[in-house]
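No value in this document is a laboratory result; all are computed from the given coordinates. Keep in mind it's a predicted model, so treat the numbers as computed, not measured. Don't worry about glycine lacking a Cβ; one is built from the backbone with ideal geometry, like all the others, and counts go over all protein chains shown.
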Amino acid sequence: DQQVKQNSPSLSVQEGRISILNCDYTNSMFDYFLWYKKYPAEGPTFLISISSIKDKNEDGRFTVFLNKSAKHLSLHIVPSQPGDSAVYFCAASPYSGAGSYQLTFGKGTKLSVIP
Amino acid sequence: DVKVTQSSRYLVKRTGEKVFLECVQDMDHENMFWYRQDPGLGLRLIYFSYDVKMKEKGDIPEGYSVSREKKERFSLILESASTNQTSMYLCASSGPYNEQFFGPGTRLTVL
């Protein structure tokens, strides 16, 4: 049973436009969420995170939105650049307490930014 | 900067061989993890360790074992490699916060 779902395996966006990557979760114990970016033949790198006390977190071109009632989060990249082409993984965990050091990952969304 | 290193970037082994994948982190992190990544399946947790000599099974531990004799080093062992263990293996570590730092990965091919 997938507790973190990324329903779009792939997404193509024109350079300069907005990329929106979506993630849904089912476990109500999750209250900390992270996005990772992965290039081929490299390990994932941390991009941005958000805790459940917030509904938005911004870092440069990257913004993560959290809708707790819908158990949904999204990553916005504005403007999209060709170097953003990668696989993006959504991950979740309890912020503290039992299991807080384990991350549950989605299956990833491959973003292609077209020049 | 946190650095997580893995012993090999690419490895080719034969069916039935014993395979050791090593991971070293330099940030004195308590927690270390081994994942495998396969197309369409995302990152799946094999084993993790929250302290020296401690280990916990992840989602797919079958066919694997681990060893953590020192805090900075976490080894993944394939006792008898099989073709369905051909994959990208990723090691990660984390400290007091939830963010995990990943190594560059080992692409293992079992023939």
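What full-extension length gain, to one decimal in nm, is calculated for B:V52 and B:K13 as 0.36 nm per residue of separation minus the Cα-Cα distance? Mind dumping the intermediate values first?
On the way: separation 39, 0.36 × 39 = 14.04 nm, distance 2.86 nm.
Length gained between B:V52 and B:K13: 11.2 nm.
Please turn the phi angles of the stretch B:100-111 into ³J(HN,Hα) values with the Karplus equation 6.51 cos²θ - 1.76 cosθ + 1.60 (θ = phi - 60°), one per residue in order, whole Hz, x for glycine and proline.
With coefficients 6.51, -1.76 and 1.60, one gets 9, 10, 9, x, x, x, 10, 8, 9, 10, 10, 9 Hz.
Suppose each label sits 7 Å from its Cα in the direction of the beta carbon; what would the A:Y95-A:S12 distance come out to in nanometres?
4.1 nm
How far, in nm, would the chain grow between A:I53 and A:H76 when pulled straight, counting 0.36 nm per residue and subtracting the alpha carbon separation?
Values: separation 23, 0.36 × 23 = 8.28 nm, distance 1.92 nm.
Answer, rounded to one decimal: 6.4 nm.
Given B:G105, B:G63, B:Y50, which one lies farthest toward the positive end of the charge dipole of chain B, if we put +1 on the Cβ of every Lys and Arg and -1 on the Cβ of every Asp and Glu?
Going by the charge dipole, the pick is B:G63.
If contacts are Cα pairs under 8 angstrom and at least 6 residues apart, what is the relative contact order of chain B in percent? Could the numbers behind the result be given before it?
On the way: 292 pairs, mean separation 40.6, N = 111.
Here the relative contact order equals 37 percent.
Where both partners of a DSSP beta bridge lie in chain A, what percent of those bridges are antiparallel, to the nearest 5?
Values: 36 of 41 bridges.
The antiparallel proportion sits near 90 percent.
How high is the relative contact order of chain A, given as a whole-number percent (alpha carbon pairs under 8 Å, six or more residues apart)?
This gives 37 percent for chain A.
Dipole size in debye (nearest 20) for the protein assembly as shown around its Cα centre, Lys and Arg Cβ +1, Asp and Glu Cβ -1? Before the final figure, lay out each step's value.
Details: 26 positive and 24 negative charges, 83 e Å.
Charge dipole, the protein assembly as shown, about its Cα centre: 400 debye, nearest 20.
Nothing charged except the Cβ atoms of Lys and Arg (+1) and of Asp and Glu (-1): what's the magnitude of the dipole of chain A about its Cα centre? Round to the nearest 20 debye.
Values: 11 positive and 9 negative charges, 24 e Å.
Charge dipole, chain A, about its Cα centre: 120 debye, nearest 20.
In the stretch A:23-48, whose amide N lies under 18 Å from the spot 7 Å out along Cα-to-Cβ of A:S112? List them in ranges.
The answer is A:38-41.
For B:E72 and B:D26 in the same chain, what is the full-extension length gain: residue separation times 0.36 nm, less their Cα-Cα distance, in nm?
On the way: separation 46, 0.36 × 46 = 16.56 nm, distance 0.64 nm.
Working it through step by step, the gained length comes to 15.9 nm.
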